[in-house]
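Here is the structure we will look at, set down as structure tokens.
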Amino acid sequence: MTDGRKKVAIYIWPNMFMLDALVPHQILGLMPELNVYTFGRTTEPITSDTGMKLIADYDLESVPQPDILVVGGGANPLSEMADATVIGAIRRLGESAELVTSVCDGALILAQAGLLDGYRATTHWAYTDLLRQYPGVEVCDDQRVVSDRSRMTGGGCTSAVDFAFTLIAAVIGPNAAAAAELAFQYDPQPPCGTGSPDKAPPELVQYVLGMLAPMRAGLAEFVAEATVPV
């Protein structure tokens, strides 16, 4: 781990959106300037939201201190936000990292750890209401990737692609990011064009919100209690 490469630690957890971890791992992991690894509560297999098995390289105690911390999200990150051991480990790693980042509502995990206080950030459009409840966070819901000094956050899980290229540009250089975009043939042409609430009809937005509501059971209540001034 002392080969001069930047160390990138990606946190994985049960029932997460696997794209939030696998997309950054795939893109960043091919950059020779970066050493990418994963960590979780355990090194035993865990299961993503769609049933794919994921295995972390390190647990919370053995994970090497990264230069860059990446935290992904899922339909309901309550399990991680409510776990004091997880939040303590994320906070410890983030406080010593050069760059603290998230994809999707992994931003909520960072916010719960206090790592977004005083920073601009974004998250999945259906979770910005929750992120806004953390008084130290300035939520920017009109940007796919938000960079603010030592913080970088992405929107929904497909923003992980934009996030990875943005991170490469910031950490390695614009030329490296441009080459990576071409290597991965990143030329998005969405077939429906409804990928943000600004582009979707209101009835579709409400349908998706209703679809997500039961998936995030208890999350709003936890955030409301966690952000009450003491």
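The values are calculated or read from the model by the stated rules, or taken from the named source; none is laboratory data. All of these numbers come straight from a predicted model, not from anything done at the bench. So basically every Cβ, Gly included, is an ideal-geometry build from the backbone, and we count neighbours across all protein chains shown. All accessible areas refer to the heavy atoms of the entire protein, side chains included, with ligands and DNA or RNA removed. Shrake-Rupley method; radii C 1.70, N 1.55, O 1.52, S 1.80 Å.
Think of each Lys and Arg Cβ as +1 and each Asp and Glu Cβ as -1; about the Cα centre, that makes the dipole of the chain roughly 180 debye.
Would you work out if segment 111-230 is rounded, prolate or oblate? Take a ≥ b ≥ c from the square roots of the eigenvalues of the alpha-carbon gyration tensor; rounded if a/c is under 1.5, else prolate when a/b is larger than b/c, oblate otherwise.
Values: a/c = 2.76, a/b = 1.27, b/c = 2.17.
Oblate, because a/c is 1.5 or more while a/b does not exceed b/c.
Taking amide H as placed 1.01 Å from N in the peptide plane, Glu138 has its amide H under 5 Å from the amide H of Gly118, Tyr119, Arg120, Ala121, each at least 5 places away in sequence or on another chain. Calculated FRET efficiency, Asp142 to Val208, Cβ-Cβ distance, R0 = 22 Å: about 0.75 to the nearest 0.05.
Taking a ≥ b ≥ c as the square roots of the eigenvalues of the Cα gyration tensor, segment 1-72 is oblate, since a/c reaches 1.5 or more and a/b is not larger than b/c. Annotation: aspartates and glutamates with alpha-carbon distance below 17 angstrom to Lys7 (same-chain offsets under eight excluded): Glu33, Asp57, Asp59, Glu61, Asp67, Glu95, Glu98. The peptide list 121-131, 164-174, put in order of mean Cβ contacts within 10 Å with the highest first, becomes 121-131, 164-174.
Read through the labelled values [x] 50, 43, 36; [y] 49, 37, 35; [z] 49, 44, 32 and report the label of the one computed as Cα extents along the principal axes in Å from the structure. Checked against the structure: label [x]. How much net charge surrounds Phe17 when only the other residues with a Cβ under 14 Å from the Cβ of Phe17 are counted, with Lys and Arg +1 and Asp and Glu -1? Charge balance near Phe17 sits at -3.
Summarising the overall dimensions of segment 51-95 from its C-alpha atoms, the Rg and Dmax are 11.4, 32 angstrom. Taking the accessible area of the chain, probe 1.4 Å, and keeping the other protein chains in place, the carbon and sulfur fraction comes to 55%. For the chain, the solvent-accessible area works out to 47 Å² per residue, with a probe of 1.4 Å and every protein chain left in place.
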